[in-house]
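Structure first, then comments.
What follows draws every value from the coordinates through simple rules; no lab data is involved. Quantities reported herein were computed from a predicted structural model and do not represent experimental measurements.
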Amino acid sequence: MKVTILSKKDLPNIEKIQDEFDIFRVVKVKTREKLDMIEFFNKDGVFRGFGKDTKAAYKKAKKALKSYYN
């Protein structure tokens, strides 16, 4: 398992979502199987998304975050 902290340089969409939902950390986890996980951390908790690649995992984590606040 490989864990990396993502910044604005890694994914340009992060800056917009960080400002909107007050996210202070975005983490990418890569497993041995073909599975990626993106985690958004903010004051209300951790929001995760899983996918075959980073883009799919990012979309699912963003969807989980938006559904929590709606």
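The table below lists the values:
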{"quantity": "Rounded to whole Hz, the Karplus (6.51, -1.76, 1.60) HN-Hα couplings of region 34-41, x for glycine and proline", "calculated": "7, 9, 10, 9, 10, 10, 9, 10"}
{"quantity": "Per-residue ³J(HN,Hα) for region 13-29, Karplus 6.51 cos²θ - 1.76 cosθ + 1.60, θ = phi - 60°, Hz, x for Gly and Pro", "calculated": "6, 4, 4, 5, 6, 5, 5, 6, 10, 6, 8, 9, 8, 10, 10, 10, 10"}
{"quantity": "Of every Cα-Cα pair in region 18-58, the percent that sits beyond 15 Å", "calculated": "40"}
{"quantity": "Gained length - Met1 relative to Lys43, 0.36 nm times residue gap less alpha-carbon distance", "calculated": "12.5 nm"}
{"quantity": "Net lengthening on full extension, Arg32/Tyr68 (0.36 nm per residue, minus Cα-Cα)", "calculated": "10.0 nm"}
{"quantity": "Cα coordinate range in the chain, projected on the principal axes (Å, largest first)", "calculated": "32, 24, 18"}
